1. Restricting to the stretch 92-137, name every residue that is aliphatic (A, V, I, L, M), touching a Ser or Thr at 6+ places or on another chain (Cβ under 9 Å) and assigned to a loop (DSSP other than H, G, I, E, B).
2. Give me the residue from the stretch 67-85 that is polar (S, T, N, Q) and in contact with a Leu (Cβ under 7 Å, 6 or more places away or on another chain) and, out of that set, least open to solvent (accessible area, probe 1.4 Å).
3. So Q522 passes all but one of these: (1) touching a Ser or Thr at 6+ places or on another chain (Cβ under 8 Å); (2) over 30 Å from G286 (Cα atoms). Which condition number does it fail?
4. Regarding the stretch 456-464, can at least one residue be identified that is out of contact with any His (no Cβ under 7 Å at 6 or more places or on another chain), among the charged types (D, E, K, R) and either open to solvent by less than 60 Å² (accessible area, probe 1.4 Å) or within 23 Å of V164 (Cα to Cα) (or both)?
5. Here is a list: L415, L419. Which entry is in a helix (DSSP H, G or I), open to solvent by 70 Å² or more (accessible area, probe 1.4 Å) and either closer than 30 Å to L356 by Cβ or modelled with pLDDT under 90 (or both)?
6. Take D199 and decide whether it is open to solvent by 20 Å² or more (accessible area, probe 1.4 Å), in a strand (DSSP E or B) and either among the aromatic types (F, W, Y) or under 30 Å from R383 (Cβ atoms) (or both).
7. Condition first: in a helix (DSSP H, G or I) and open to solvent by 70 Å² or more (accessible area, probe 1.4 Å). Now tell me which residues in the stretch 424-455 satisfy that.
8. Does Y537 satisfy the condition of being at pLDDT below 95 and either in contact with a helix residue (DSSP H, G or I) (Cβ under 9 Å, 6 or more places away or on another chain) or outside any helix (DSSP H, G or I) (or both)?
Amino acid sequence: MATSKPAKAVKHAVEAAAEKVADLLTPDVPGSPGSGTPTIEEPTTPAPPLPAKQDQGGPDPRTPTGEKTGAPAAANGQQGAYLTTAQGVRLRDTDHSLKAGPRGPTLLQDHHLREKITHFDHERIPERVVHARGAGAHGVFTGYGTADSLTRAGFLKKGKETDVFVRFSTVLGSRGSADTVRDTRGFATKFYTEEGTFDLVGNNMPVFFIQDGIKFPDIIHAGKPHPDREIPQAQSAHDTFWDFVSLHTEAQHHVMWNMSDRGIARSFRMMEGFGIHTFRLVNDAGDTVLAKFHWKPKLGVHSLVWEEAQMLSGMDPDFHRRDLYDAIESGAYPEWELGVQVFPDTPEETFAGIDLLDPTKIVPEELAPVQPVGKMVLNQTPRDFFAEVEQVAFHPGHLPPGIDVTNDPLLQARLFSYLDTQITRLAGPNFAQIPVNRPHAPVNDMLRDGFHQQAVHAGVAPYRPNSLDGGNPFVAGDAEHAYHDAPVTVAEAPKIRANPASFDDHFSQARLFWASMSPVEQEHIVRAYTFELGKCYEQAIKERQLQALANIDPVLCAQVAAGLGLPAPQPAAPVAAVTPSPALSQVGHTWPPDGRTVGVVVDPEGDMAHVRPLREAVFAAGMVPLLIAPHGGMADGLPVQRTFATGRSIEFDALLLAAAPVPAPDAPPSRDAKPAAVDPRVLLLVEECWRHAKAIGAWGAGTTVLAATGVTGSPGVVTGDAADEVFADVLRLMGAHRVWERFPATIV
């Protein structure tokens, strides 16, 4: 539904949609843990495994060498009704070890015990050094055909559908850290193309901390917890990080992105993705261009506010993966457009004075528009998180014909690092044979043996040339879509450890980002710098970083310095003159509400007449309504998903008040001399939603709650006589994600 329509038009559209679904079964709220309905008693009648939930998918059944098996996806899962050993021997008992008498010692001959415990002891593989905390999903990519003149890559042809698997992640934290920390987020996509696997391994920020991959261990060691105490976890608010980036000023542009709202994404579904590096595209004629890859989310780019991120880290550290999987289950499939910025492939490899090989720089979209080349929809959750999300292996060197690398020194190091990492993490060189990594193209690689070899190779001559296997495998040419390394001329030069002079500008693009932010976004950046530097112990590090901020923007530096109680230094050189890029701001657009969550406060003892049609209208608008009541169970025949004790504002994108419930029996006692008229937890819900700039609506008795909290009449707080009218206005407000005008920024 287009949220830019006037409120009256939106109201009519909602009413029409609600009428269509009035006689249909109301959609289920996502979150059911399994596909079956459990019984109170333990089941005792043997039965085969339950099918997967409707939203769950899995790796396409392929042989280790890429052949489609024709087997159903369930063929990779458990089979049969009975418990067996790993060799398929049925077991009669798995609760008791084999002992010498009921009270005797356990016998070494208990092969089932040894197999069960040995496998358990080795269930965990080394977690990723970076991007350890992640979530993934399956989907499909459809090419638009608009890139035909740019690249021969077949998956971009018009109407071509390609299976994909996407893994989102944070960078610094361990597997057990929280989703909502301030951090860069990974956005890695595996395209199972018919011409071989393509891995677009990027982040939700288009620039990186460093220009040369040889420094990658340094920035990660600086960002990780301090080695002596292993704290702080999953955050950069500590001395070693700021010590490094204040000394290594090429990091300042990425730091600015991290300190912005981009560092605390609202959802994986609401993140941009970037390939970071400049790649070389080759078309059928052999012509080349340089390009940068962009993912643009259908729902827009949105973020959490800082207080929400802090609350979620404690109350729901799995918030981002839950949001992703609940959205897919409810049919609000996450969607992105893939686009490319295209540049002439000149010997200088620059565009508008910007060095395209410097991964700490962007090319503003106003100078090089992003051209859409395809669409990706994620429509299935993993069936087995470990087998898919943990074992998926990405590598920037997995490239299809038509896409080649450049001499970006960060990319060049990644081409080695990713392959080396997978060999350690996945215990050998055959990680491509793990189901989630298997290509959807025929494999005849002459690679043999090694840990976990699953292919059973035929033939006797795994070498070329040979005659014993009839010459197989043969090399391919252009007619067979063979990979073609672009014949780029390498300039004659001495071997040297140095960067080009164009890499020396460390501040102008950080200033460009700051100047492109709206006042409210600038205020959030100031608060982030102030908080993170305030957590540092060493005064010298704070002063050194303030000097870097002075070189970016005097207002930014002065605001942060005031928060730290330190003098603001003068810029070391005149600050750069920049032209703001509106594309960098998250504020000022409207977006569809798909998959958003709407909290509805109800009172089972009060007026419930409007609640059922309202709930259906929320579903019809593509969102999920959660009823919040004093107690669980049912309210006028409708299921209650949250109680006042279990529901918090951070779960909801908007709040609707259908009632003003009096304090429930489990409500905390009021500090007032007289009893509270409204349950204090409902008041807290309203206050938090108001502080977090969310839309709030109320009608009837619900308006008294607004009066009790003092928010009536403020921007984004809607009242009316009927639920449908209020919801129509709230829906319109949700198109902007937040009601920022509620809190005018102090930075102008």
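The values are calculated or read from the model by the stated rules, or taken from the named source; none is laboratory data. This structure is a prediction, so every number in the text was calculated from the model and none was measured. As a convention, Cβ positions derive from the backbone with ideal geometry for all residues, glycine included, and neighbour counts pool all protein chains shown. What goes into the accessible areas is simple: the full protein's heavy atoms, side chains included, and nothing from ligands, DNA or RNA. Shrake-Rupley method; radii C 1.70, N 1.55, O 1.52, S 1.80 Å.
1. Our first condition is that a residue be aliphatic (A, V, I, L, M); within the stretch 92-137, this holds for 98, 100, 107-108, 113, 117, 125, 129-130, 132, 135, 137.
Going one step further and asking which of them are touching a Ser or Thr at 6+ places or on another chain (Cβ under 9 Å), we end up with 98, 100, 107, 113, 129-130, 132, 135, 137.
Hits for the stretch 92-137 are L98, A100, L107, V129, V130, A132.
2. From the stretch 67-85, those polar (S, T, N, Q) are 69, 76, 78-79, 84-85; that's our starting set.
Narrowing further to those that are in contact with a Leu (Cβ under 7 Å, 6 or more places away or on another chain): 84-85.
Working: T84: 55, T85: 17 Å².
Filtering first and then ranking leaves T85.
3. (1)
4. So the first thing to find is which residues in the stretch 456-464 are out of contact with any His (no Cβ under 7 Å at 6 or more places or on another chain), and the list is 456-464.
In the following step, the residues that additionally are among the charged types (D, E, K, R) were identified as 464.
Still in the running and either open to solvent by less than 60 Å² (accessible area, probe 1.4 Å) or within 23 Å of V164 (Cα to Cα) (or both): none.
No, the stretch 456-464 has no match at all.
5. Working: L415 fails: open to solvent by 70 Å² or more (accessible area, probe 1.4 Å).
The unique qualifying residue is L419.
6. Details: open to solvent by 20 Å² or more (accessible area, probe 1.4 Å): no; in a strand (DSSP E or B): yes; either among the aromatic types (F, W, Y) or under 30 Å from R383 (Cβ atoms) (or both): yes.
Criteria not met by D199.
7. Residues of the stretch 424-455 that are in a helix (DSSP H, G or I), as a first pass: 424-425, 431-433, 435-437.
Residue satisfying the conditions is T424 alone.
8. Working: at pLDDT below 95: no; either in contact with a helix residue (DSSP H, G or I) (Cβ under 9 Å, 6 or more places away or on another chain) or outside any helix (DSSP H, G or I) (or both): yes.
Taking the combined requirement at face value, the residue does not satisfy it.
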